[in-house]
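The values are calculated or read from the model by the stated rules, or taken from the named source; none is laboratory data. Keep in mind it's a predicted model, so treat the numbers as computed, not measured. FYI the Cβ positions are ideal-geometry reconstructions off the backbone, even for glycines, and counts take in every protein chain you see.
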Amino acid sequence: MQLYRLFYSLNHSGHSESQVSLCLDNQMACETKGCPVIFWQRGSECSDDVHSGHFRGVKMKIGMMCLWNAANGPSIHAELVGRSWVENGHHLKVFSAQSHPDARPTFQQDEDFVIRHFVVEKITPYTRASFFDPSPLLNEEYDFFVAQNVERLPCERLLEIFSRIKERAITVQVVHEGKAPDDPLYYKFDWDAIVCFDHRYKDYLVKSFPTERIHMISYPYHPLKLGDKREARNRLGLPQNEKIVFSFGFRSNDVLAVLPTLKNVAQRYALKYLVVANPESDLGELRSAQKSYDFVELLVKALPLDELYAYLHASDALLIHRESSKKYNAVVSSSVCQVLGSGCPILFHESNYVELHGDEIVKYRDFNDLGVKLAQLFDGGFNINRVKAFLEDHEADKISARFISLFEELTENRKRKD
């Protein structure tokens, strides 16, 4: 083996991924997949790590401030990209809350790289910390600092040390806010880059931040992880001879709304509606309604990811009934992103939560259409190839690689300025 010259060939238009190239001194190139690739020795095949954006010879040190292991959209995003970074050899430190109103439990065990060093008790009118230890942010080693959902982080205390963070790291904000936040401190941060999921977020961000700093990187999705329905039902003690519709989370009113429709469906099929509610849910009305709908089974517990996927593998459909958000124009269903990879068909009410989704999920217009679409799933099944095709471009490894590419670009920009 001889030493080769490392250079980066960056292409940041649209959804294209940056690519890492390693050339031989004779500048041989491989045309596989239409891009330059790594040659470890003459005549070798190209490495998939190059095409995925994860060149294993370049290890990045990343610090990320976010909720973590919580039943919450920003936490799901952070976990998907963060665990992908770790799996691909990058070094990660997570700076998270000891307690926070948004941090509904999952009972997922923290990894060794998670540091919990602040407490938030109130998020209205603005998020402020009742306890904040700055030392992890100042003493841990990282070259890139990522902050998720800044509106719900302790902005006041973070802003006090932000200049010191910028001295040592490139800073990136990931936007989850569905509209321009009211907190004036939100606009005091001088981020090197701001990442949002799609044009709906960018439309309001450009009014407050330089356009050239705003980058669109779509929300990551859990990779494909299919399971055996019979085995999953045996594991969970669920019947083999019933159609199982599954819902989970903390929005009990969404469940109440679909019960009359499912009662009609239950007249045609042996049906169980399995609802696993988060312990922090308000379940008074749902428990009362359960008495009139004997096909409903209600469990109250937090679901670690492996157990959540077991329920999905056991089910014939995941039902998410959610009306469009009237408060926020820009919204994403983090639940879809978290569970699409299970292969369980997802029925989702047409709303702005899924307006950018295609046929990888099943959308229904109204309650009558819900009954029709559910019967079609029961009788005709679901084409899993739609999910597989979608995940090829959106699974967590692809999205985390786009962040790595952005970090590379920002590093080069800073070098040029210096």
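Could you please find all residues in region 120-175 being crowded, with 23+ Cβ neighbours inside 10 Å and among the hydroxyl-bearing types (Ser, Thr, Tyr)?
Hit for region 120-175 is Thr127, nothing else.
Name every residue in region 386-407 that is of a type in the set (Asp, Glu) and either in contact (Cβ under 8 Å) with a residue 40 or more places away in the chain or buried (at least 23 other Cβ atoms within 10 Å of the Cβ) (or both), in order of residue number.
Narrowing region 386-407 to residues of a type in the set (Asp, Glu): 392-393, 395, 397.
The answer is Asp393, Glu395, Asp397.
Checking the conditions here, which among Ala302, Ala330 is in the same structural domain as Leu370 (by TED's automatic domain parsing), assigned to a loop (DSSP other than H, G, I, E, B) and touching a strand residue (DSSP E or B) at 6+ places or on another chain (Cβ under 6 Å)? Steps first, answer last, please.
Values: Ala330 fails: touching a strand residue (DSSP E or B) at 6+ places or on another chain (Cβ under 6 Å).
Within the list Ala302, Ala330, the selection yields Ala302.
Given Leu67, Leu80, which one is in a loop (DSSP other than H, G, I, E, B) and modelled with pLDDT of 95 or more? Quick ask: steps written out before the conclusion?
Values: Leu80 fails: in a loop (DSSP other than H, G, I, E, B).
Leu67 is the lone residue from the list that is in a loop (DSSP other than H, G, I, E, B) and modelled with pLDDT of 95 or more.
Let's see how each residue does on (1) within 21 Å of Ala78 (Cβ to Cβ); (2) in contact with a Leu (Cβ under 9 Å, 6 or more places away or on another chain); (3) not assigned by TED's automatic domain parsing to the domain that holds Ser334:
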{"position": "Met216", "(1), (2), (3)": "yes, no, yes"}
{"position": "Ile244", "(1), (2), (3)": "no, yes, no"}
{"position": "Pro260", "(1), (2), (3)": "no, no, no"}
{"position": "Gln267", "(1), (2), (3)": "no, no, no"}
{"position": "Tyr273", "(1), (2), (3)": "no, yes, no"}
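For region 347-365, state whether one or more residues are more than 20 Å from Val258 (Cα to Cα) and among the basic types (Lys, Arg).
We begin by selecting, within region 347-365, every residue more than 20 Å from Val258 (Cα to Cα); these are 355-360.
The next check asks that each one be among the basic types (Lys, Arg); those that pass are none.
Within region 347-365 (the criterion being more than 20 Å from Val258 (Cα to Cα) and among the basic types (Lys, Arg)), the answer is no, since none of the residues qualifies.
Would you say Leu259 is in a helix (DSSP H, G or I), free of Cβ contacts under 8 Å to residues at least 60 places away in the same chain and closer than 14 Å to Asp294 by Cβ?
Spelling it out, Leu259 is indeed in a helix (DSSP H, G or I), free of Cβ contacts under 8 Å to residues at least 60 places away in the same chain and closer than 14 Å to Asp294 by Cβ.
If I filter region 182-192 for residues that are in the same structural domain as Met216 (by TED's automatic domain parsing), of a type in the set (Lys, Arg) and surrounded by 14 or more Cβ atoms within 10 Å (Cβ to Cβ), do I get at least one hit? Show your work before the answer.
Initially, region 182-192 is screened for residues in the same structural domain as Met216 (by TED's automatic domain parsing), giving 182-192.
Checking which are of a type in the set (Lys, Arg) leaves us with 188.
With surrounded by 14 or more Cβ atoms within 10 Å (Cβ to Cβ) added as a condition, the list becomes none.
No - not one qualifying residue is present in region 182-192.
Restricting attention to region 183-206, which residues are touching a residue at least 12 places away in the same chain (Cβ under 8 Å), within 14 Å of Leu153 (Cα to Cα) and not in a loop (DSSP other than H, G, I, E, B)?
Leu185, Tyr186, Tyr187 - these are the residues of region 183-206 that are touching a residue at least 12 places away in the same chain (Cβ under 8 Å), within 14 Å of Leu153 (Cα to Cα) and not in a loop (DSSP other than H, G, I, E, B).
So is Leu271 among the aliphatic types (A, V, I, L, M), within 16 Å of Leu318 (Cβ to Cβ) and loosely packed, with under 13 Cβ neighbours inside 10 Å or not?
On the way: among the aliphatic types (A, V, I, L, M): yes; within 16 Å of Leu318 (Cβ to Cβ): yes; loosely packed, with under 13 Cβ neighbours inside 10 Å: no.
In short, no.
Taking the criterion of being touching a residue at least 60 places away in the same chain (Cβ under 8 Å) and in contact with a Gly (Cβ under 8 Å, 6 or more places away or on another chain), would at least one residue in region 128-139 satisfy it?
Applying the first criterion (touching a residue at least 60 places away in the same chain (Cβ under 8 Å)) to region 128-139 yields 137.
Applying the additional criterion that residues be in contact with a Gly (Cβ under 8 Å, 6 or more places away or on another chain) yields 137.
Yes, region 128-139 contains a residue that is touching a residue at least 60 places away in the same chain (Cβ under 8 Å) and in contact with a Gly (Cβ under 8 Å, 6 or more places away or on another chain).
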